[in-house]
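Working notes for the structure below.
The values are calculated or read from the model by the stated rules, or taken from the named source; none is laboratory data. Keep in mind the model is a prediction, meaning the values are calculated, not measured. Glycine also receives a Cβ, built like all others from the backbone with ideal geometry; neighbour counts cover every protein chain displayed. Keep in mind that these areas ignore ligands, DNA and RNA; they rest on the heavy atoms of the full protein, side chains included. Shrake-Rupley method; radii C 1.70, N 1.55, O 1.52, S 1.80 Å.
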Amino acid sequence: MTYFEPFGSDTENASRDAALRSIPHLRDMDLSCEVEVATAMLPVVFASAGLVLDEAVERFHPDAVIAIGEAGGRSAITPELQAFNENIARIPDNAGAQPDGEPVIPGGPAIATSPVRVVDITRAISGTGISAETSRDPGRYLCNNIAYRVAQLPVPGLFIHVPALRTVGVATVGAETDAPSAAVSQPAPQPAPRPKTAHAAPSVEATAPSAETAAPALSRPATTFDELGRGIAAAIAELARQVAEKL
């Protein structure tokens with residue numbers, strides 16, 4: 001699982017808290033298979049983010065990859081159906097680069113579609129009581145760049161945007177992602193079958209303490225980092241189930 005460093009003038013990136021706080025929630029969940037989570041932080045730099053992603057995949061040899069980014073214009077957690085072979089930067093990246101239409105991967109397809117069942121991921125997040133929508137447009141900034149790469153990894157890959165929450169104040173970045181989220185209509189949520197086993201191994205990076213995981217009856221926007229973590233934990237659990245089905 002990857003997340004991004006802060007960028008622009010902000011000192012936080014909600015993707016980090018969403019990723020790291022998901023792991024304590026996994027330990028409290030009934031999972032369909034054993035899940036071990038390794039994490040890596042990606043730079044907000046067009047020239048090197050993909051290299052760091054590739055190095056993490058080479059190091060950990062994962063069965064699947066979830067990449068997390070933040071979207072300042074969205075109030076729901078939004079798994080992405082697809083990404084585009086185009087880099088466009090509204091603001092410079094953390095190295096000062098500001099591409100204006102260059103391809104993510106020269107010669108690659110115009111659109112890369114996630115190989116996982118994204119709508120089922122969205123349904124799993126909604127089942128926690130946190131608002132979730134399937135998105136078909138991740139913008140054209142670093143989130144799109146990584147979403148495009150993740151969709152073409154040799155293992156199942158998925159990109160998820162979380163709202164750009166802040167400890168204090170509001171995000172000054174985030175318009176790099178299209179808003180609203182070009183949402184896709186969702187099927188009505190269905191009760192999930194009770195999983196067979198429960199186990200989650202510790203992550204590579206230390207995490208924040210777990211909080212109460214009971215979900216409210218109706219979906220609503222996440223207002224805390226811990227709620228983002230709960231939503232991402234549900235996404236991990238569903239992706240693990242999908243991977244286990246095909247092993």
field: Residue count, region 76-98 (criterion: of a type outside the set (D, E, K, R) and in contact with a Lys or Arg (Cβ under 9 Å, 6 or more places away or on another chain))
entry: 8
field: The listed residue being under 27 Å from residue 132 (Cα atoms), touching a helix residue (DSSP H, G or I) at 6+ places or on another chain (Cβ under 6 Å) and not hydrophobic (A, V, I, L, M, F, W, C), out of 43, 62
entry: 43
- prompt: Which members of region 131-155 meet the condition of being more than 20 Å from residue 84 (Cβ to Cβ), in contact (Cβ under 8 Å) with a residue 40 or more places away in the chain and surrounded by fewer than 24 Cβ atoms within 10 Å (Cβ to Cβ)?
  reply: 131, 155
- request: Scan region 41-89 residue by residue and report those that are open to solvent by 10 Å² or more (accessible area, probe 1.4 Å), small (Gly, Ala, Ser) and either in a helix (DSSP H, G or I) or without any contact (Cβ under 8 Å) to a residue 60 or more places away in the chain (or both).
  value: 47, 48, 56
message: Can you find, within region 165-176, the residue that is nearest to the chain's Cα centre (by Cα) among those that are open to solvent by 20 Å² or more (accessible area, probe 1.4 Å) and under 17 Å from residue 228 (Cα atoms)?
response: 165
field: Verdict on residue 208 being at pLDDT 50 or above, among the aliphatic types (A, V, I, L, M) and open to solvent by less than 40 Å² (accessible area, probe 1.4 Å)
entry: no
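Yes/no matrix, rows are residues, columns are (1) at pLDDT 95 or above; (2) aliphatic (A, V, I, L, M); (3) more than 15 Å from residue 162 (Cβ to Cβ):
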position: 46; (1), (2), (3): yes, no, yes
position: 50; (1), (2), (3): yes, no, yes
position: 72; (1), (2), (3): no, no, no
position: 77; (1), (2), (3): yes, yes, no
position: 90; (1), (2), (3): no, no, yes
